[in-house]
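Here is the structure we will look at, set down as structure tokens.
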Amino acid sequence: MKLAETVGMIDYGAGNMGNARRALDELGIPHRVVREPAELDSVGTVLLPGVGNYGAAMRQLSQTGLDDALRRVDGGGRPIVGICLGLQLMLSSSEEAPDLAGLGLLPGRVRRLDAPGLAVPHLGWAPVGARGTPYYFAHSFVVEPSDRSTVLASAFYGQAFPAVVRRGTLLGFQFHPERSGDPGLDLLRRALRRELPAL
């Protein structure tokens with residue numbers, strides 16, 4: 001497998017690894033699971049999947065040294081794609097674990113989803129962006145990047161919130177493209193190949 005073609009999926013003990021692996025298998029994208037910093041040397045694009053608790057995830061990344069390794073990957077210009085919690089970990093801090101710093105790849109914070117009268121977590125489909133394509137969400141927190149120009153598309157659940165965020169080679173989805181049928185798989189394929197379509 002060529003470096004540029006191999007996706008490295010970060011395993012931090014709380015990620016949505018099964019669904020992510022199945023999605024990459026279905027798309028025919030070569031990939032390997034990454035559990036240690038040195039393993040990042042043999043991959044191109046890095047995928048940070050996500051289901052779980054922000055604090056537990058950041059502690060695991062810190063204990064393995066993957067936190068600093070991911071910062072080096074970003075600093076070197078290699079692409080990182082985050083899904084749900086994976087996107088949230090990219091920011092500087094989170095209300096879910098206020099005592100812990102995030103990866104800080106994307107300045108900003110993660111806050112609890114405020115949706116009066118609606119169930120939280122937000123579980124289900126919601127249209128995203130100007131095209132209104134529905135994708136599957138499963139989250140209780142949302143990101144607030146300091147630079148609003150990094151928000152490519154928003155969704156609505158009680159209020160508008162960022163659904164797709166990009167800064168340089170860093171890209172994150174608040175929803176789960178790997179659980180969003182054919183449109184989600186196509187979006188994930190394009191994201192991992194740096195061919196993101198209009199949203």
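Every number in this text was worked out from the coordinates using simple rules, so none of it is lab data. Since the model is a prediction, treat every value here as computed from it, not as a measurement. Don't worry about glycine lacking a Cβ; one is built from the backbone with ideal geometry, like all the others, and counts go over all protein chains shown.
Hey, what does the equivalent ellipsoid look like for region 10-93, semi-axes from the Cα gyration tensor as sqrt of 5 times each eigenvalue, largest first, whole Å? Let's see the in-between values first.
Values: eigenvalues 67, 50, 26 Å².
Listed largest to smallest, the semi-axes of region 10-93 are 18, 16, 11 Å.
Could you tell me which of ALA126, ALA198, LEU47 has its Cα farthest along the dipole of the chain towards the positive end, charges placed at Cβ (Lys, Arg +1; Asp, Glu -1), taken about the Cα centre? With unit charges placed on the Cβ atoms, the residue in question is ALA198.
Over region 9-152, the fraction of Cα-Cα pairs per 10 Å bin, rounded to whole percents and listed from the shortest bin up, is 11, 40, 37, 11, 1. Note: region 67-199, Cα convex hull, 98 Å³ per residue.
For region 55-127, taking the reciprocal of the average inverse distance between every pair of different Cα atoms yields a Kirkwood hydrodynamic radius of 13.5 Å. Summing charges over neighbours of GLY13, with a neighbour being any other residue whose Cβ is under 12 Å away from its Cβ, gives +1 when K and R count +1 and D and E count -1.
Once you charge only the Cβ atoms, +1 for Lys and Arg and -1 for Asp and Glu, what is the size of the charge dipole of region 7-106 about its Cα centre, to the nearest 20 debye?
180 debye
With the simple spin-label model, which puts each label point 7 Å out from Cα in the Cβ direction, the ARG21 to ASP182 separation comes to 2.7 nm.
The H on the amide N of ILE83, modeled in the peptide plane, is under 5 Å from the matching H of LEU48, GLY50, PHE173, each at least 5 residues off or on a different chain. For region 89-163 and region 28-80, write down the distance between their C-alpha centroids in whole Å. Between the Cα centre of region 89-163 and that of region 28-80, the gap is 21 Å. Within the shell defined by Cβ-Cβ distances under 12 Å, the residues around ARG78 carry a net charge of +1, with Lys and Arg each +1 and Asp and Glu each -1.
Straightening the chain between SER146 and ARG193 buys 14.3 nm, computed as 0.36 nm per residue apart minus the Cα-Cα spacing.
What net charge is computed for the residues neighbouring ARG111, neighbours being all others with C-beta under 11 Å from the C-beta of ARG111, Lys and Arg scored +1, Asp and Glu -1? The partial results should precede the final answer.
Numbers: positive: ARG109, ARG112; negative: GLU95, GLU96, ASP114, GLU144.
So the environment of ARG111 carries a net charge of -2.
With charges set only on the Cβ (+1 for Lys and Arg, -1 for Asp and Glu), what does the dipole of the chain come to about its Cα centre, in debye to the nearest 20? Mind showing how you got there, number by number?
Numbers: 21 positive and 20 negative charges, 71 e Å.
Rounded to the nearest 20 debye, it is 340 debye.
Fully extending the segment from GLU36 to ASP99 would add 20.2 nm, taking 0.36 nm per residue of separation and subtracting the current Cα-Cα distance.
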